[in-house]
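Visitor: Sharing a structure below in C-alpha cells format, with a few things to ask.
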Amino acid sequence: MSLTLSAAVRPPIASWLGAQLAREIDHGRLVFFLPGLAVVGVFAWAALPADPPLLWLALSVVGLLVLRVLAARSSLAALAPVALALAAVAAGALAIGAQSRLSGTAMLQRSQTATITGRVVAVEPRAGGGTRIVLAPLATSLTGAVPRRLRLAVRSGPPLAVGAVVETRARLFPVPGPSMPGGYDPGRRLYFDGIGATGFTYGPPQVVEPPSGGPAAWLARVRHSIAETILARGVPSAPFAVALLVGERGFMDPADVEALRVSGLGHILAISGLHMALFAGAVFASVRFALALVPHLALRWPIKKWAAIAGILAATAYLALSGASVATVRAYVMLLIGVVAILADRPVLTMRTVAIAATALIAIDPVSVMEPGFQMSFLAVIALIGAYEWWASRRVETRRRWPVAAFVIGLAATSLIAGLATTPMGLYHFHRLAPLGLVANLLVMPIFTLIAMPAGVLALFVMPFGLEGVPLAVMGGSLDVVLVLAHRVAQWTGSAGTFGAIPAASAGLAASGLVVLSVLIAPWRLAGAGLIALGLVLVPLRAPPDVLVAGDGRSIAARGPQGRLALAPTTSEFAGSMALRADGDTRPVKEARRKMCDGGGCTLPLSAGFLALPATPSAAREDCRRAAVVVSPDNLACNSPALVIDRAFLKRHGSVAARREGAKWSLVVARPYGFTRPWQVAPEIERR
C-alpha cells in the first residue's frame, strides 16, 4: 500500500518542483547564484594545502563550460546547470590563484634590521601621533628575498609625501599569522597587497628625492590638503569629517571609533553605498534641477541621463578621494551599473545589479570576498533588495498622507533588515552584537543623511574657491551631535553586545539561508529560513577551548576552575583581547593576566591541574611530571600524559586551541598542513 501511495504522490510533487524550477529560470533568478558559487571557489582555494596549478584551473573552467553547452544540446540537459555551477566554483579559484601569482610577494622569513631606500607608496596618519608608511624598496641590506612593499611605523618627523624616495634604518618583522585557529589572518591580506614585512623606523626617514609629478602623487596632495583644511577648524568632530570625506581614519580618537561600533553605527565609518549614494545623488539632483530650469533643455533633451552622467563623474572623484576601499569600490560598481540602467531606461536597483557588482569585485580583487567588509555589505544589500522586491510583489499601495511617518518607518525597516542581515558575519568576525543599533540608527541617520553628508559634499565642491567655511561648520555641528548620540547609546549598551565566537558553520548557514530567502521567488525560498534556523541551532553547540596558544608561544590563555580565561604575563595586548573577545569576556587584558611565576617559570590554573610555562630545563622536567599542559619555546621530550606544545609543534602548526575531553585533549591548529601557502610564515619563537 505504501508503494502505491508513493507512486500516487510522486507525480504531483515532481510536477510542482518542475513548475517552480521553471518559474525561477524564467525570471532568471538561478543565475544570481553564480557569483556566490565563485565565492565558494575562492574559499576552497584558500583552504587547500598548496596552490593548485593555474593551468589546471583554467582547463577545468573551459572544460566545464564546454560540457555545459554539449549537455544542453543533448539528452543530458539536466547536467548543464551542474556543469555551469562547477565552472563558477572553478572560476572563483582561478581568479584568486591568478591574483596570488600577479599581486603576491616574497615574505620576510625572520626579523632583521636593515637600511632601506624606497619610494613612498602610501602614508597613513595615526591617532596617537606619527604615521604609517608603505615603501616600495629600491635598495636594501636585507638578506633573502626582498618583499615588493614594506609597511613601517614612523614615530616622529615631518609628514612624508607619496612618491618621494626616502632612506631609513628600520627593524622589520615577518607578517604574523592568526593569533588563534580560525581567527583573522593578517598575513593573507598583506600578501595580496604586496606587503611582505612590517616594522618601524629608527628615527625619521631622510628624503633622498622629492616626489615627481604623477596622478598618485597629485591625488595624495589633494587628499592631504583637504584633510588639513578640515582639521584646521579645530572642532572635535573634524577627524570624523576627514574620515568621511577622504577616508583617513587615523586622526580619529579610538574612543569615538569604539562608541560608533558598540552603538551599531560603525557602518558610517565604512565609506560605502550610503556615502556614495548621498554624494552622487546630491550631484545628480542638483544637475537635474538646474537643467530643468531651462525649458528648452528639459523638454527636448534627456536631462535625467545627463544628470546621471554627472553623478557618476562625481562618484568617480569621491572614489579616488576616499581611498577606494572594498566597500567603496562595491558601491561605485553598483552605482556605475545603475547609471547604465538609467541610460538604457531600465530599473536601477535590482538583484541583477548586485550580481554584476559582485562578479566585478571577484574579478578585480578575489581575496576581498574573505574580508568582513565584502561579506557584510553584500549581505545587507541582498537582503534589502529581496525585502523590497517582496514588498513590491504584495502590490501594497503606500499612502502619501504622512510622509514623515513613511520616512521613519522606511528608515527603521532599512536599519532592521540591514542589521539582521549583517549579524551572522558580524558575530563571526567581531564576536559582538549591537542590541541598540536600531535605536541609534533612528536617532542618527536622519541627521547624517539630511545634514552632515550633504554639507560635506557641498564643502568639497566649494573648497577650491575658499568658501568651505559654512558647509564645514554645518557638517561639524551635525557630526558633533552624531558622536554625542553614539557615546550615549554605547553607554546604554555597556557589555550587553558582547557575545563571543560562533562556529563558522553557523555563520555560513545563516548567510546562505539569507541569500536563498532573498534571491529565490518560488515558495521553496522558505528553505532559506530553515538554513538560518539550523545555523542558530548550532550556535550553542560551540565548545570553547580550554587552552589557547599563539604561534609565537608567548600569548597563552587557559580556562580556570571558575570557567574564565587567565592570560600568561607575556600575552600581547592584541592576542589577549582577541582571546577574551572570542570568549565573550569584557575584561581588559591587564586584568586577565596572571603573574603566578617564580624562578622556574610561570603557571596558569586549569579546571583540573595547571598549565606550566617552564623557564629552565630542570623546571621543564618537573612540569612534564606534574602539569596537565606544558608550553615551551624549546623542544621537549616528555614521557608523560601531559599535553606538550613545544617549539617543534608551533613551528609546524602555528597557533593552537585545545579542549579537554575526558582524559584526552582535542586540538585545532591554525596550519594543519604546515606552512605551505605563500603568505604563511613560520612563527619566530624566542627562548625564555
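The values are calculated or read from the model by the stated rules, or taken from the named source; none is laboratory data. These figures come from a predicted structure and were not determined experimentally. For neighbour counting, all protein chains shown are included, and Cβ atoms are generated from backbone atoms with ideal geometry for every residue, glycine included.
Visitor: Are any of the residues in the stretch 584-601 aliphatic (A, V, I, L, M) and closer than 24 Å to G662 by Cβ?
Guide: For the stretch 584-601, residues aliphatic (A, V, I, L, M) and closer than 24 Å to G662 by Cβ: absent.
Visitor: Can you go through G250, G273 and tell me which one is in contact with a Pro (Cβ under 8 Å, 6 or more places away or on another chain) and at pLDDT below 85?
Guide: Details: G273 fails: in contact with a Pro (Cβ under 8 Å, 6 or more places away or on another chain).
Residue meeting the stated conditions: G250.
Visitor: A further question follows. Check V31 against each of (1) assigned to a loop (DSSP other than H, G, I, E, B); (2) more than 22 Å from the chain's Cα centre (by Cα) and name the one condition it does not meet.
Guide: That leaves (1) as the condition not met.
Visitor: Would you mind stating whether L636 is within 28 Å of P174 (Cβ to Cβ), in contact with a helix residue (DSSP H, G or I) (Cβ under 7 Å, 6 or more places away or on another chain) and at pLDDT below 90?
Guide: yes
Visitor: Which of the residues that make up the stretch 507-531 are among the hydrophobic types (A, V, I, L, M, F, W, C), within 25 Å of L433 (Cβ to Cβ) and without any contact (Cβ under 8 Å) to a residue 24 or more places away in the chain?
Guide: Listed by number, the residues that qualify are V516, A529, L531.
Visitor: Give the stretch 49-82 a look and list any residue that's in contact (Cβ under 8 Å) with a residue 24 or more places away in the chain and farther than 29 Å from T353 by Cα, or say none.
Guide: Selection gives P49, A50, D51, P52, L54.
Visitor: When the residues of the stretch 204-222 are narrowed to those that are modelled with pLDDT of 90 or more and assigned to a loop (DSSP other than H, G, I, E, B), which ends up surrounded by the most Cβ atoms within 10 Å (Cβ to Cβ)?
Guide: Selected residue: P205.
Visitor: So, one more: Go through the stretch 522-557 residue by residue and tally those that are in a loop (DSSP other than H, G, I, E, B) and surrounded by fewer than 18 Cβ atoms within 10 Å (Cβ to Cβ). Walk me through it before giving the result.
Guide: Initial filter on the stretch 522-557 (in a loop (DSSP other than H, G, I, E, B)): 522, 542-546, 550-555.
Filter once more, keeping what is surrounded by fewer than 18 Cβ atoms within 10 Å (Cβ to Cβ): 522, 542-544.
Going through the stretch 522-557 one residue at a time, the tally reaches 4.
Visitor: With closer than 30 Å to R352 by Cβ and within 26 Å of the chain's Cα centre (by Cα) as the only criterion, which of S518, S572 stands out?
Guide: S518
Visitor: A further question on this structure: Among L349, L336, L321, which is the only one that is over 21 Å from M425 (Cα atoms), in a loop (DSSP other than H, G, I, E, B), modelled with pLDDT under 85 and of a type in the set (A, V, I, L, M)?
Guide: The conditions single out L349.
Visitor: Another question about this same structure. Is it the case that V257 is closer than 30 Å to L343 by Cα and in a helix (DSSP H, G or I)?
Guide: no
Visitor: Next question. Working only within the stretch 637-687, note down all residues that are more than 22 Å from G182 (Cβ to Cβ) and exposed (fewer than 15 other Cβ atoms within 10 Å of the Cβ).
Guide: Across the stretch 637-687, the qualifying residues are A637, N639, S640, P641, A648, G662, A663, E686, R687.
Visitor: I've got another one for you. For the stretch 97-121, how many residues meet the condition of being part of a strand (DSSP E or B) and under 24 Å from the mean Cα position of the chain (by Cα)?
Guide: Residues that pass the stated criteria total 1.
Visitor: Could you grab me the full set of residues in the stretch 424-444 that are buried (at least 20 other Cβ atoms within 10 Å of the Cβ) and part of a helix (DSSP H, G or I)?
Guide: P424, M425, G426, Y428, G437, A440, N441, V444
Visitor: Every residue in the stretch 230-254 that is buried (at least 17 other Cβ atoms within 10 Å of the Cβ) and part of a helix (DSSP H, G or I), please. If you could, list the steps in order and put the result at the bottom.
Guide: Quick first cut of the stretch 230-254, residues buried (at least 17 other Cβ atoms within 10 Å of the Cβ) only: 230, 235, 237-252.
Selection gives I230, A238, P239, F240, A241, V242, A243, L244, L245, V246.
Visitor: Please work out which residue is modelled with the highest pLDDT, limiting yourself to the stretch 53-77 and to residues that are assigned to a loop (DSSP other than H, G, I, E, B) and surrounded by fewer than 12 Cβ atoms within 10 Å (Cβ to Cβ).
Guide: So the residue we want is P53.
Visitor: Regarding L94, is this residue farther than 30 Å from L152 by Cβ, of a type in the set (A, V, I, L, M) and assigned to a helix (DSSP H, G or I)?
Guide: Values: farther than 30 Å from L152 by Cβ: yes; of a type in the set (A, V, I, L, M): yes; assigned to a helix (DSSP H, G or I): yes.
Considered against the rule, which asks whether it is farther than 30 Å from L152 by Cβ, of a type in the set (A, V, I, L, M) and assigned to a helix (DSSP H, G or I), L94 comes out as yes.
Visitor: Now, a different point. Got a sec? Which of G234, G203 is at positive phi and either free of Cβ contacts under 8 Å to residues at least 40 places away in the same chain or assigned by TED's automatic domain parsing to the domain that holds S368 (or both)? Can you show your working first?
Guide: Working: G203 fails: either free of Cβ contacts under 8 Å to residues at least 40 places away in the same chain or assigned by TED's automatic domain parsing to the domain that holds S368 (or both).
Every option except G234 fails the conditions.
Visitor: With respect to A216, is the statement that it is within 29 Å of L138 (Cα to Cα), out of contact with any strand residue (DSSP E or B) (no Cβ under 6 Å at 6 or more places or on another chain) and of a type outside the set (K, R) true?
Guide: yes
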